[in-house]
1. For residue 33, all conditions in the list (1) over 13 Å from the mean Cα position of the chain (by Cα); (2) within 13 Å of ligand 1 (Cβ to nearest atom); (3) more than 21 Å from residue 88 (Cβ to Cβ) hold save one; what is the number of the exception?
2. Would you say residue 4 is of a type in the set (A, V, I, L, M, F, W, C), in contact with a helix residue (DSSP H, G or I) (Cβ under 6 Å, 6 or more places away or on another chain) and either closer than 18 Å to residue 112 by Cα or surrounded by 12 or more Cβ atoms within 10 Å (Cβ to Cβ) (or both)?
3. Could you please let me know if residue 70 is under 18 Å from residue 23 (Cβ atoms), in contact (Cβ under 8 Å) with a residue 24 or more places away in the chain and surrounded by 13 or more Cβ atoms within 10 Å (Cβ to Cβ)?
4. Are any residues in region 77-113 of a type outside the set (A, V, I, L, M, F, W, C), assigned to a loop (DSSP other than H, G, I, E, B) and in contact with a strand residue (DSSP E or B) (Cβ under 9 Å, 6 or more places away or on another chain), and if so, which ones?
5. Just one of (1) over 18 Å from residue 101 (Cβ atoms); (2) modelled with pLDDT of 95 or more trips up residue 77, so point out which.
6. For the subset of region 1-11 comprising residues that are in contact with a Lys or Arg (Cβ under 9 Å, 6 or more places away or on another chain) and either outside any helix (DSSP H, G or I) or away from ligand 2 (no atom under 15 Å from the Cβ) (or both), which member is farthest from residue 66 (Cα to Cα)?
7. Say whether the condition of being of a type in the set (Gly, Ala, Ser), away from ligand 1 (no atom under 11 Å from the Cβ) and touching a residue at least 24 places away in the same chain (Cβ under 8 Å) is met by at least one residue in region 12-29.
Amino acid sequence: MSDCIFCKIIKGEIPSKKVYEDDCVYAFHDINPQAAVHILIVPKTHIESAADITAENSMIVGRVFEAAAKIAKELGLENGFRIVTNVGKYGCQSVKHIHFHLLGGEQLTEKMS
Ligand code: 5GP
Ligand code: ZN
């Protein structure tokens, strides 16, 4: 997707503060952090949102969570963290390339909505 900002970040065409990369996944600091630690974990394949996960591409979700566990260890989030993915208009998804927010580094609130 040539006009997708996360595809551009993955390709290095837009700078980002990378924290992790493998053959399937890229992770970087959110530009507008909502917690002490706020990382975005994105698959390198352009998939619009969690509403587009199918039997053919669902392995990427496992790879994202594998990466999340590694990143959490690396960043010292042993007291816990939260992973969120927003979907569509009601979910307030602003970037239409599936991404998982990894939030932590402090006590988060119980409210999730
Ligand atoms: P969404 O609202 O779609 O769930 O999350 C999109 C996230 O991407 C937001 O938290 C926003 O701050 C972040 N974001 C948008 N553009 C950029 C960018 O160019 N660089 C980085 N690092 N984060 C971005
Ligand atoms: Zn994309």
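1. Going through (1) over 13 Å from the mean Cα position of the chain (by Cα); (2) within 13 Å of ligand 1 (Cβ to nearest atom); (3) more than 21 Å from residue 88 (Cβ to Cβ) one by one, residue 33 breaks only (1).
2. When the stated conditions are applied, residue 4 does not pass them.
3. Yes.
4. Within region 77-113, 79, 80, 85, 86, 97, 99, 105, 106 meet the criteria.
5. (1)
6. Only one residue tops the list, namely 2.
7. Scanning region 12-29, I find no residue that is of a type in the set (Gly, Ala, Ser), away from ligand 1 (no atom under 11 Å from the Cβ) and touching a residue at least 24 places away in the same chain (Cβ under 8 Å), so the answer is no.
The values are calculated or read from the model by the stated rules, or taken from the named source; none is laboratory data. Owing to the predicted nature of the structure, the values given are computational and were not obtained by experimental measurement. All Cβ positions, even for glycine, are placed from backbone atoms using ideal geometry, and neighbour counts span all protein chains on display.
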